[in-house]
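The values are calculated or read from the model by the stated rules, or taken from the named source; none is laboratory data. Since the structure is predicted, the reported quantities are computational estimates derived from the model, not experimental observations. Cβ placement follows ideal geometry from the backbone for every residue including glycine, while neighbour counts extend to all protein chains displayed. All accessible areas refer to the heavy atoms of the entire protein, side chains included, with ligands and DNA or RNA removed. Shrake-Rupley method; radii C 1.70, N 1.55, O 1.52, S 1.80 Å.
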Amino acid sequence: MLGSNDSHLQLIEKRFDASITIRGEQVTFRGEQQELQQLERIFKELQFLLLKNGVLHADDVNTVLDLVIDTTQTRPTAHTLKDQSDVAILFTKNSFIKAKTPNQKEYVARAQRNDVVFAIGPAGTGKTYLAVAMAVASLKSNEVSRIILSRPAVEAGESLGFLPGDLTQKVDPYLRPLYDALDDMLPSEKLKLYLERRIIEIVPLAYMRGRTLNNAFVILDEAQNATAMQMKMFLTRLGNNSKAIITGDVTQIDLPTKSTSGLVQIQDVLKGIEGIDFVYFDKGDVVRHRLVKEIIDAYEKFNEKEFGKGR
């Protein structure tokens, strides 16, 4: 029933936040009541099909999942929300995630239409958070089979050998914001399972070289700190049936003075290519604490004042 190498079980786990534990012939579910009822029905249906046909295929599992989830879904859907612009990107345990500002809604729309999207703007505008939400939604709906999240570890100069610990311990401080976003969207047990099975990978940009990423949703965060060569390397990793979102803030470049930011250069390099799009955010899109807008505005005024002095 579980499939070769638990492949059928993995199809089921992608669609639910509840945890599924297998001990011999005993199956245990832990989670919300609604999901537990759905899972019980799914396993009974699969058991019936297996006994009837003597074999269970991935198509059988997906069909049962679609039928059970569609007929028992009670959470808000696109039809129950106010209008198309209010459609949820991802349902979480207690709520749902959706675009809030006009630029965020345009961001989501362009990401749906294009395979490569660049999101450029100041901190707090939801660039990374919405990208991760779209990636998790694509994974749960089986549009992709894995998520790859990456960031340049600029403060370590991408030379991580001198830092103590294994790879995870070395890069964890640089990748922590990506873990924080995932923690908001997935139960801890589910996230741990995805990371252990490498369904979700969080890796520093330097470790992307030489890979081909098929059937994946790939996100490059803090892309302003990728060099021009690193940006080219990242974009050429994209394989079949994959999408990429690249986020960054060109006002917060931490690269050495002589290095060219790949995010700055790429806006001219890829201009006008079909399937690639750019979305720009401003301080009006900030969705963090109300003071973040004030802080961004204050820095802009200060920089204008200092620039004027220099002239």
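Consider only pairs whose beta carbons are under 8 Å apart and that are at least six residues apart or on different chains; among these, list those whose first residue lies in the range 233-260 and is under 23 Å from residue 129 (Cα atoms) and whose second residue is at pLDDT below 90 and open to solvent by 90 Å² or more (accessible area, probe 1.4 Å).
254/155
In the range 130-158, what residues are hydroxyl-bearing (Ser, Thr, Tyr) and farther than 29 Å from residue 256 by Cβ?
Those that are hydroxyl-bearing (Ser, Thr, Tyr) and farther than 29 Å from residue 256 by Cβ: 138, 141, 145.
Could you please find all residues in the range 18-55 being open to solvent by less than 70 Å² (accessible area, probe 1.4 Å) and polar (S, T, N, Q)?
Correct list: 19, 21, 28, 34, 38.
Which one is most open to solvent (accessible area, probe 1.4 Å), of the residues in the range 163-186 that are at pLDDT below 85 and outside any helix (DSSP H, G or I)?
Among those residues, the one meeting the criterion is 164.
Residues that are within 22 Å of the chain's Cα centre (by Cα): find the helices (runs of 4 or more DSSP H) completely inside the range 197-311 holding 3 or more of those. Working first, answer last.
Numbers: elements: 228-235, 262-269, 290-310.
Filter on the range 197-311 gives 228-235, 262-269.
Looking at the range 6-64 only, could you name the residues that are in contact with a Leu (Cβ under 7 Å, 6 or more places away or on another chain), in a helix (DSSP H, G or I) and of a type in the set (Gly, Ala, Ser)?
Within the range 6-64, just 58 meets the criteria.
Are there any pairs with C-beta distances below 7 angstrom linking a residue in the range 45-64 that is within 13 Å of residue 8 (Cα to Cα) and in contact (Cβ under 8 Å) with a residue 60 or more places away in the chain to a residue that is of a type in the set (Gly, Ala, Ser) and buried (at least 16 other Cβ atoms within 10 Å of the Cβ), with the two at least 6 apart or on different chains, and if so which?
So the pair list comes out empty.
Using the structure shown, decide if residue 159 is under 21 Å from residue 175 (Cβ atoms) and modelled with pLDDT of 90 or more. Don't jump to the end; show me each part of the working.
Numbers: under 21 Å from residue 175 (Cβ atoms): yes; modelled with pLDDT of 90 or more: no.
For residue 159, the condition - under 21 Å from residue 175 (Cβ atoms) and modelled with pLDDT of 90 or more - is not met.
Within the range 82-105, is even one residue basic (Lys, Arg), touching a Gly at 6+ places or on another chain (Cβ under 9 Å) and modelled with pLDDT of 85 or more?
Within the range 82-105, one or more residues are basic (Lys, Arg), touching a Gly at 6+ places or on another chain (Cβ under 9 Å) and modelled with pLDDT of 85 or more.
Kindly indicate the residue of the range 238-281 that is open to solvent by 80 Å² or more (accessible area, probe 1.4 Å) and of a type in the set (D, E, K, R) and also nearest to residue 213 (Cα to Cα) among those meeting that condition.
Applying the filter and picking the extreme gives 274.
Looking for whichever is in contact with a Gly (Cβ under 9 Å, 6 or more places away or on another chain), over 21 Å from residue 136 (Cβ atoms) and not charged (D, E, K, R) here; the options are 67, 56. Which one fits?
Numbers: 67 fails: in contact with a Gly (Cβ under 9 Å, 6 or more places away or on another chain).
None of the others qualify; the one that does is 56.
Per-residue answers, yes or no, for (1) among the small types (Gly, Ala, Ser); (2) touching a helix residue (DSSP H, G or I) at 6+ places or on another chain (Cβ under 9 Å); (3) under 17 Å from residue 136 (Cα atoms):
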{"site": "193", "(1), (2), (3)": "no, yes, yes"}
{"site": "196", "(1), (2), (3)": "no, no, yes"}
{"site": "213", "(1), (2), (3)": "no, no, yes"}
{"site": "220", "(1), (2), (3)": "no, yes, yes"}
{"site": "236", "(1), (2), (3)": "no, no, no"}
{"site": "255", "(1), (2), (3)": "no, yes, no"}
{"site": "259", "(1), (2), (3)": "yes, yes, no"}
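Taking the range 94-127, which residues are open to solvent by 30 Å² or more (accessible area, probe 1.4 Å), assigned to a helix (DSSP H, G or I) and touching an Asp or Glu at 6+ places or on another chain (Cβ under 7 Å)?
103, 110
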